[in-house]
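Trainee: My structure is below; once you've seen it, I'll send some questions.
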Amino acid sequence: MAELVDKISELSGQNLDACYQCGKCSGGCPSVAQMDMLPNQVIRLLQIGLPELALQCNTIWICASCYMCTVRCPRGIDLSKIMEALRQVNLRENLDYMKIKEIKEEDIFILPQIALVANFRKQTA
Amino acid sequence: MKQRIGVFVCHCGINIASTVQIERVVEAIKEYPGVVHAEDYEYMCSDPGQGMIRARIKEKNLTGVVVAACSPTLHELTFRNVTALSGLNPYRCEMANIREHCSWIHKDVDKATKKAIKIIKTIVEKVKLNEELTPLSVPITKRALVIGGGIAGIQSALDIANAGYQVILVEKSSSIGGHMAQLSETFPTLDCSQCILTPKMVEVAQHKNIKLYNYAEIDDVSGYVGNFKVKIRLKASYVDWSKCVGCGLCIEKCPTKVASEFEQGLAPRKAIYVPFPQAVPNKPVIDREHCRYFKTGKCRVCEKVCDLDAIKFDEEDDFVEEEVGAIVVATGYEVYGVQNIGEYGAGRYKDVVDGLQFERLLSASGPTNGEIRRPSDGQIPRRVAFVSCVGSRDPELHKPYCSKVCCMYLAKHAMLYKHRVPDGQPIIFYIDIRSDGKGYEEFVQRAQEEDHVTYIRGKVSKIYEDNGELVLLSADTLAGMPIELRCDLVVLGMAICPSSGVDELTKKLKIQTDANGFLTEAHPKLRPVESLTPGIFIAGCAHAPKDIPDTVAQASAASSKVLEMFGQKELSHDPMVAWVDEDLCSGCGVCISLCPYDARELEIKEGKRIATVKEILCEGCGSCIAGCPAGACQQRNLDDKQVIRMVETVLSRG
């Protein structure tokens, strides 16, 4: 699995070993309540060579790319880019997180068009 | 004279021998003109290795020695001493660096071997032209200057003074004591900081060998090791301390209140003030910036109430000059400002305090007389959060280093808080607990087991105020859960940084600082209390964050280096200095502007301007030699002839 970790590191441009697991990213994340795994735990799984588990969590999809974690990280790690890299690895396998057919019709009417477009880009292959 | 040079090639275990073929080197160098002997040994610096060189010098009647081994910074002295012991002038011995400059940096064995041979031949050429030199002797003024009157400076001054030498102690504030005087109790033994410090402060004040200049700063430093001249600015205090008896009436009547530095802004002081009751010396100063008379031209209440006529509004800064042989720099630290941490409120929240402020809240002589009351409303906080690594270990936004003392003092804070508020809840947010001093880990365990301090592993991400409480957003990285904690008071374990003004001082002293502004030691392991400038030593937090035991140990170490110097009759100075061919010198003075050591000066000799060399100041850097347009400057044992011969040798075939 070392190759997959290297790929995520390359895609994101981040040194995963720089993280010292302080948890400041998780503490400040505005979406953390919806996540099944803390952002720092996602990094941890990559550090210990378990990227397949990191690819399965919902954290990477819930991440809004708000960059709160990135601006506060004491080690200068851009977590948003790591989350994006993990999404990319999934999407390249055609594993859509959002199933377009499952969107309810009433939601389509309520949601702004731009939100739908953004979601297609972020969560579908 | 026919040269008879011996070459000794070291294997340095496998350090050299694994990359350089020693046998080939010895064979090649044996044949080189001027070389009468060449041999190798596994460790030339060992006793047998040194013995071999001594024996060969005598047997072979050598006139010069080349040791092909490591860098001369490591063993030049060793081998020059060996040479001297055999009756040969030590400056007829040189090292050829075939380790750092060759074996360590190359992989190709053949090329490295050829390069090693070249390096050795070059040094043989140099030795052929080396003169016999004698070290210069330098007299020592056996008095020391200590800069900074915190615990490091106090300890250092006392050690030197107790050994019988005079010490000049300069402190920028009106009292000695430094930050240690502000602390409540000290880890890991919980002894009262003031109780252990004030006897030492008094000892300084009463010591016959210590001359204390408080409220003073270093204005200028000139000279060199053993012979420094220091100009000290005595800042105007506007109080004649020879008349003042410290009755305190002026302070009582002064109408102006400003935030007390000693109380970290948690209590007011007057514009004429003594920083704290146990101050040494216990004499007031007028804070010109805030004094009503200096600001508006009206008031002079202190002058009116002083029966002894001790107030002198017309006083100006004064200067004194002192001659010293050694200097200890102990300028201490300051706390990195809370205003730098935006996500923790940047200083907007009254109930988010730094560690030193909490020390004052804990202190029996502090603004709350030792009762823990939060600054905003004076209430006793029921839940207190302590946050470590604030600004420390943060290379991205703040300071990259660990501030070393925070883990321990936050454990102490939490413990003391629990002792004062038994039903209170102390919670420490940490990333790693660093408790590596004697009795430190036991202390942290005591905080956890006996005082039930809750440790949460996670860095606080955000602090905000809500309805009179503080809300901390963090995560418990061990439980894997986000945390939102409401509490009444937050104590930040802020990073510690070098004192402001140190930058300017280091320029005057010509000593170096690292990327974070801390003083640089001459060697991180083997010369930890010396600066790179001879005669200037460093102690305490000016060097790096450290706790009181380490500071005191380093201060005593610096003193012992001073005493080592003072124990000698005179100092010796390297004779490989610049010299001037007076026939060639046109007196243009380029060398004077280039010399970083003030070692060059113009003199009139027989009606002609000549740039001479003050040999004792010359460090042999070569700047003047490179810059001299007439080629009149030369360096002993590295003159143009030698350098050209060496370059020719490097460039020659074979």
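Trainee: Taking DSSP loops as anything outside H, G, I, E and B, show the longest stretch in chain B free of trypsin sites (Lys or Arg not before Pro) there with at most 11 other beta carbons within 10 Å. Please list the in-between numbers first.
Mentor: Working: sites that count: B:Lys2, B:Lys107, B:Lys208, B:Lys298, B:Lys438, B:Lys525, B:Lys569, B:Arg653.
The answer is B:299-437.
Trainee: With equal scatterers on the alpha carbons only and no solvent term, can you work out the Debye log10 of I(q)/I(0) for chain B at 0.06, 0.07, 0.11, 0.12 1/Å?
Mentor: -0.48, -0.63, -1.12, -1.21
Trainee: May I ask you to give the percent of accessible area on the protein assembly as shown that is carbon plus sulfur, with a probe radius of 1.4 Å? Walk me through the numbers on the way to the answer.
Mentor: Working: 18380 of 35920 Å².
After summing per-atom areas, the C and S share lands at 51 percent.
Trainee: Also, quick follow-up: Binning at 20 angstrom from zero up to the longest distance, how are the C-alpha pair distances of the protein assembly as shown distributed in percent?
Mentor: Pairs per bin, as whole percents: 13, 32, 32, 20, 3, 0.
Trainee: Here's another thing I want to ask about it. Given H placed on each backbone N at 1.01 Å, which residues far from B:Glu530 in sequence or on other chains put an amide H within less than 5 Å of it?
Mentor: Counting only residues 5 or more places away or on other chains, the set is B:Ala522, B:His523, B:Ile538.
Trainee: Based on DSSP H runs of at least 4 residues, each adding -39500 (n - 2.57), what is the mean residue ellipticity at 222 nm of chain B after dividing by all its residues, to the nearest 500 deg cm²/dmol?
Mentor: On the way: 18 runs with 184 residues, N = 654.
The helix contribution divided over chain B gives -8500 deg cm²/dmol.
Trainee: Give the angle, between 0 and 90 degrees and rounded to the nearest 10, that separates the Cα long axis of helix B:406-420 from the longest principal axis of the Cα atoms of chain B.
Mentor: Taking Cα atoms only, the helix is inclined about 20 degrees.
Trainee: Measure up B:Lys459/B:Lys525; A:Lys99/A:Lys122; B:Lys312/B:Lys507; B:Lys412/B:Lys459; B:Lys253/B:Lys283 against 23 Å on the Cα-Cα distance and list the ones that go over. Spell out each step's value before the answer.
Mentor: Details: B:Lys459/B:Lys525 32 Å; A:Lys99/A:Lys122 12 Å; B:Lys312/B:Lys507 33 Å; B:Lys412/B:Lys459 19 Å; B:Lys253/B:Lys283 16 Å.
From B:Lys459/B:Lys525; A:Lys99/A:Lys122; B:Lys312/B:Lys507; B:Lys412/B:Lys459; B:Lys253/B:Lys283, over 23 Å: B:Lys459/B:Lys525; B:Lys312/B:Lys507.
Trainee: Using square roots of five times the C-alpha gyration tensor eigenvalues, list the equivalent-ellipsoid semi-axes of the stretch B:278-374 in whole Å, biggest first. Display every interim value, and only then the final one.
Mentor: On the way: eigenvalues 224, 116, 60 Å².
Each semi-axis is the square root of five times an eigenvalue, giving 33, 24, 17 Å.
Trainee: I'd like the distance between the alpha-carbon centres of the stretch B:148-170 and the stretch A:11-33, rounded to an integer number of Å.
Mentor: Between the Cα centres of the stretch B:148-170 and the stretch A:11-33 lies a distance of 48 Å.
Trainee: Hey, another quick one. Looking at the protein assembly as shown, what % of its DSSP beta bridges pair antiparallel, to the nearest 5? Walk me through the intermediate numbers first.
Mentor: Numbers: 54 of 103 bridges.
Taking every DSSP beta bridge with both residues in the protein assembly as shown, the antiparallel ones total about 50 percent.
Trainee: A further question follows. Mind listing the long-range amide H neighbours of A:Asp96? Cut-off is under 5 Å, sequence gap 5 or more, other chains count too, H placed in the peptide plane at 1.01 Å from N.
Mentor: A:Ala125
Trainee: Next up: Determine the dipole magnitude for the stretch B:549-654: charges of +1 sit on the beta-carbon of Lys and Arg, -1 on that of Asp and Glu, nothing else is charged, the reference point is the Cα centre, and the result goes in debye to the nearest 20. Mind showing how you got there, number by number?
Mentor: Values: 11 positive and 16 negative charges, 39 e Å.
Around 180 debye, computed over the stretch B:549-654.
Trainee: With viscosity set to 0.890 mPa s and temperature to 25 °C, compute the Stokes-Einstein D of chain A, Rh being the Kirkwood radius across alpha carbon pairs; µm²/s, no decimals.
Mentor: Details: Rh = 15.1 Å.
Value of D from the Cα-based Kirkwood radius: 162 µm²/s.
Trainee: So, one more: Give a quick list of GluC sites (Glu not before Pro) in the stretch B:111-204 that DSSP marks as loop, anything other than H, G, I, E or B, with at most 14 other Cβ atoms within 10 Å. Kindly include the intermediate steps, with their values, before the conclusion.
Mentor: Working: sites: B:Glu125, B:Glu131, B:Glu132, B:Glu171, B:Glu185, B:Glu203; in loops: B:Glu131, B:Glu132, B:Glu171.
Counting only loop positions with at most 14 other Cβ atoms within 10 Å, the GluC sites (Glu not before Pro) in the stretch B:111-204 are B:Glu131, B:Glu132.
Trainee: Quick check on my link table: of B:Lys58/B:Lys569; B:Lys107/B:Lys128; B:Lys270/B:Lys304; A:Lys7/A:Lys81; B:Lys211/B:Lys508, which ones sit more than 24 Å apart, alpha carbon to alpha carbon? Please report the intermediate quantities before stating the final value.
Mentor: Values: B:Lys58/B:Lys569 32 Å; B:Lys107/B:Lys128 31 Å; B:Lys270/B:Lys304 16 Å; A:Lys7/A:Lys81 13 Å; B:Lys211/B:Lys508 22 Å.
Cα-Cα > 24 Å for B:Lys58/B:Lys569; B:Lys107/B:Lys128; rest within.
Trainee: A follow-up question, please. Dividing the alpha-carbon radius of gyration of the stretch B:334-497 by 2.2 N^0.38 Å (N being the number of residues), what value is obtained?
Mentor: On the way: Rg = 14.7 Å, N = 164, 2.2 N^0.38 = 15.3 Å.
Rounded to two decimals, the normalised Rg is 0.96.
Trainee: Which whole-Hz couplings ³J(HN,Hα) result when phi for each residue of the stretch B:376-382 is put into the Karplus expression 6.51 cos²θ - 1.76 cosθ + 1.60, θ = phi - 60°, listed in order with x for Gly and Pro?
Mentor: 5, 10, x, 6, 7, x, 8
Trainee: What dipole magnitude, in Debye to the nearest 20, does the protein assembly as shown give about its Cα centre under +1 on Lys/Arg Cβ and -1 on Asp/Glu Cβ? Spell out each step's value before the answer.
Mentor: Details: 92 positive and 100 negative charges, 159 e Å.
Once rounded to the nearest 20, the dipole reads 760 debye.
Trainee: With a 1.4 Å probe, what is the total accessible area buried between chains A and B, in Å² rounded to the nearest 100? Mind showing how you got there, number by number?
Mentor: Working: alone 7530 and 29880 Å², together 35920 Å².
Approximately 1500 Å² gets buried when A meets B.
Trainee: How much area per residue is accessible in chain B when the probe is 1.4 Å and only protein heavy atoms are counted (Å²)?
Mentor: On the way: 29150 Å² over 654 residues.
For chain B, the per-residue accessible area is 45 Å².
Trainee: If amide hydrogens are placed 1.01 Å from N in the peptide plane, which non-local residues have theirs closer than 5 Å to the one on B:Gly345?
Mentor: Counting only residues 5 or more places away or on other chains, the set is B:Ile463.
Trainee: Loop only per DSSP, at most 14 neighbouring Cβ atoms within 10 Å: give me the GluC sites (Glu not before Pro) in the stretch B:403-508, ordered by residue number. Each step should come with its number before you reach the end.
Mentor: Working: sites: B:Glu441, B:Glu442, B:Glu449, B:Glu450, B:Glu465, B:Glu469, B:Glu484, B:Glu504; in loops: B:Glu450.
Those satisfying the criteria are B:Glu450.
Trainee: If you don't mind, another one. Explain nothing, just compute: Karplus ³J(HN,Hα) = 6.51 cos²θ - 1.76 cosθ + 1.60, θ = phi - 60°, for every residue of the stretch B:177-191 in order, whole Hz, x for Gly and Pro.
Mentor: Running phi through 6.51 cos²θ - 1.76 cosθ + 1.60 with θ = phi - 60° gives x, x, 5, 4, 5, 7, 6, 7, 10, 10, 6, x, 9, 6, 7 Hz.
Trainee: In the calculated pair distance distribution of the stretch B:5-135, what percentage of Cα-Cα distances lie above 19 Å?
Mentor: Numbers: 3457 of 8515 pairs.
The proportion of pairs with Cα distances above 19 Å equals 41 percent.
Trainee: Only sites in a loop by DSSP and with at most 14 other Cβ atoms within 10 Å count here; which chymotrypsin sites (Phe, Trp or Tyr not before Pro) in the stretch A:17-84 make the cut? Show your work: numbers first, answer last.
Mentor: Values: sites: A:Tyr20, A:Trp61, A:Tyr67; in loops: A:Tyr20, A:Tyr67.
For chymotrypsin sites (Phe, Trp or Tyr not before Pro) across the stretch A:17-84 that sit outside H, G, I, E and B with at most 14 neighbouring Cβ atoms in 10 Å, the list reads A:Tyr67.
The values are calculated or read from the model by the stated rules, or taken from the named source; none is laboratory data. Keep in mind it's a predicted model, so treat the numbers as computed, not measured. We place every Cβ from the backbone using ideal geometry, glycine too, and count neighbours over all the protein chains shown. Heads up: the accessible areas ignore ligands, DNA and RNA and are worked out on the full protein's heavy atoms, side chains in. Shrake-Rupley method; radii C 1.70, N 1.55, O 1.52, S 1.80 Å.
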